[in-house]
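Data first, discussion second: the structure below is written as structure tokens.
The values are calculated or read from the model by the stated rules, or taken from the named source; none is laboratory data. Keep in mind it's a predicted model, so treat the numbers as computed, not measured. Cβ placement follows ideal geometry from the backbone for every residue including glycine, while neighbour counts extend to all protein chains displayed. To get the accessible areas, we keep the full protein, side chains included, count just its heavy atoms, and leave off ligands, DNA and RNA. Shrake-Rupley method; radii C 1.70, N 1.55, O 1.52, S 1.80 Å.
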Amino acid sequence: MFLQLLFNGISLGAVYALIAVGFAIVFSVLKFSNFAHGGMISICAYIGFFFQKTVKPTPPIWVTILFTSLCGIVMSLFLDRIVYASIRRNKSPKNYYFLSSLTISIIITAILNVFFSKNPLAYPMLFSSTTFNVGNIRISRMDTMILIVSVVLLVLLIFLIDKTKVGLAMRAVSIDPETSKLMGINSNFIILMTFSLAGILAGVSGVLLGCKYGVFPDLGQSMMIKGFIASVIGGLGSLGGAIAAAFLLGIIEMFWTYVMGSLSTPVMTFVVMLLFLFIRPQGISGRFAKEKV
Amino acid sequence: MSLLEIRGLKVSYGYVEALHGIDMDIEEGRVTALIGSNGAGKSTTIKAISGMIRHSGSITFSGKELPSSSNKVVKAGIIQIPEGRRVFAGLSVEENLKLGAYSLDGKTIKEDLERQYELFPRLRERSSQDAGTLSGGEQQMLVIARGLMAHPKILMLDEPSLGLAPIVVNEVFRIIESIKGAGTTVLLVEQNANTSLKISDYAYVLENGHIVKEGTGSSLLSDPAIAAAYLGKRE
């Protein structure tokens, strides 16, 4: 049972990691918590759902994920263009980002409510049998797929940020945007890049969450809270910290639910966050401690 | 024709005009100094050239109008080394150097790194260390090396001696002379008038946003008014 719970926890943590990184990446470059990410995840879950359902013959899941990520990029850039770009241009206070991103998330959820009601829609069955056995552990195929897709995406992302020129430029902008300009880094390009990556992450996590929990308007917002908590525990803006915290949160949640039942799980996640804020307010990574929204 | 021609350069911060239309010529292969006291507008001048702040008036580089966005200025080969040793703390020394070469295509990056490590052996010893943990002097060397990574046609140094120990200041000026020796044009902005006039071919004196005097480094050094105002000597 222990291994079973551990595996489920890791798989859950992997999705939280995608959300947390989507959060952390925008925070590290632009220094604000992008709550619109939750709304984006919900839209992407719907897009993935209808793509999977209407396109004939039914596309394999990776095609759906790819298509949804592209839609995620487009929406993310659109959002930046109509909302955040003007805040940047006017050099408005950070609170403006916070308020508008929260508002956008609420608007998106409300619109989805109007069109699709609150009833969850179930993704078509992806696998003919839902589980397989390894030794005496019964493993869900869905969870395995989610784990693999998430880990692959996280590895690609870490490679992009740690090893490529664009990634180095993104890190430079996150540390010191003014001096980055003197290196010849075009900050607008880096911002577009950041929102594109956040869009991809929203797209992939939307499809994966939709597969796991069904598609409903609040999906993104409820999950985003987990991702946000993970990125706070990890140290806002730190990708490595956010990923570590997300896995930790996923595993704790699984064990807690097994022992205490699912009703008290949301309480537990916030308690973990509060504990971290008391004991280690700078987060696991210990960077970017001061600016939290 | 000089390499960089500045005509009628004006910069305002809100309603306050900081530069009231200055003219400067920066000759190729020379060290040009811009001296003046605190708040005279020296850093403003450099930032205007870099495209970091908006300006009016004309700046021509090799006979062409200089673009106004900072990334294009860097691409053209005009590199600013900012005041106050702005290293990227949290990135390694080597990553800092690589960022200096961001505007290049990356083909020469290995040789360029090697060249900077030869010029600044301390940086080689610390290449994988967090740049934020270096001493003040080492950080100043790092930002200069980072600037050189871009193959600058003009290197603009903003107060490179500020806040450094005297022995490190001498080292910095020795490096500036060797940069000039390698054929790079230098624009040096300094409060330390004495030393900068000694190593510069030509100098401008900035006061309250106006150029009040210009001449060769040695002629300004022997000017009694300059001596009284900037060199701490009595007439």
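Solvent-accessible surface, computed for protein heavy atoms with a probe of 1.4 Å, shrinks by 40 Å² or more for the following residues of segment B:72-94 when the other protein chains are added to the isolated chain: B:Val74, B:Arg86, B:Phe88, B:Leu91. If you take the Cα centroid of segment B:60-81 and the Cα centroid of segment B:146-219, the two points sit 19 Å apart. Dipole of segment B:1-155 (Lys/Arg Cβ +1, Asp/Glu Cβ -1, origin at the Cα centre): which of B:Leu91, B:Ser50, B:Tyr15 lies farthest to the positive side? Value: B:Tyr15. Placing one identical point scatterer on every Cα of the protein assembly as shown and ignoring solvent, what is log10 I(q)/I(0) from the Debye formula at q = 0.12 Å⁻¹? The Cα Debye sum returns log10 ratios of -1.06.
Global size of chain A: 18.7, 60 Å for Rg and Dmax (C-alpha atoms, Rg to one decimal, Dmax whole). Do you know the relative contact order of segment A:154-293, to the nearest whole percent, from alpha carbon pairs under 8 angstrom that are 6+ apart? Once divided by the residue count of segment A:154-293, the mean separation gives 17 percent.
Pairs exceeding 24 Å between alpha-carbon atoms, taken from B:Lys72/B:Lys213; B:Lys110/B:Lys153; A:Lys118/A:Lys212; B:Lys153/B:Lys213; A:Lys31/A:Lys165: B:Lys72/B:Lys213; B:Lys153/B:Lys213. Okay, which of segment B:12-37 sit inside 16 Å, backbone N to the point 7 Å along the Cα-Cβ direction of B:Ser56? Answer for this model: B:12-23. Excluding ligands, DNA and RNA, the accessible surface per residue across the protein assembly as shown is 45 Å² with a 1.4 Å probe. Could you give the distance between the Cα centres of segment A:164-233 and segment A:1-69, to the whole Å? Going from one Cα centre to the other spans 12 Å. With the convex hull constructed from alpha-carbon coordinates only, segment A:55-148 shows a mean projected area of 9.7 nm² over all directions.
Taking the empirical scaling 2.2 N^0.38 Å for compact globular proteins as reference, segment B:39-165 has a Cα radius of gyration ratio of 1.08. Give the calculated FRET efficiency between B:Lys10 and A:Phe278 to the nearest 0.05, with a Förster radius of 45 Å applied to their Cβ-Cβ distance. Given R0 = 45 Å and the Cβ-Cβ separation, E is 0.25.
With only alpha-carbon atoms in the gyration tensor, what are the semi-axes of the equivalent ellipsoid for segment A:161-281, in Å, largest first?
Working: eigenvalues 211, 69, 23 Å².
Ellipsoid half-lengths, sorted descending, are 32, 19, 11 Å.
Among A:Met40, A:Met170, A:Met145, which one moves the most in a GNM of chain A with springs linking Cα atoms closer than 10 Å? Result for chain A, Cα springs under 10 Å: A:Met145 fluctuates most. Here the 3J(HN,Hα) profile of segment A:76-85, calculated from phi with Karplus coefficients 6.51, -1.76 and 1.60 at θ = phi - 60°, is 4, 5, 4, 4, 4, 5, 7, 10, 6, 4 Hz, Gly and Pro shown as x.
Solvent-accessible area assigned to carbon and sulfur over the protein assembly as shown amounts to 61 percent, based on a 1.4 Å probe. Between A and B, roughly 1800 Å² of accessible area is buried in total, ligands, DNA and RNA not counted and the probe set to 1.4 Å.
Quick note on chain B: its Rg to Rh ratio, both from C-alpha atoms and Rh being the Kirkwood radius, is 0.96. Phi angles of segment B:170-176 translate, via the Karplus equation with coefficients 6.51, -1.76, 1.60 and θ = phi - 60°, into HN-Hα couplings of 4, 4, 4, 5, 4, 5, 4 Hz per residue; Gly and Pro are given as x.
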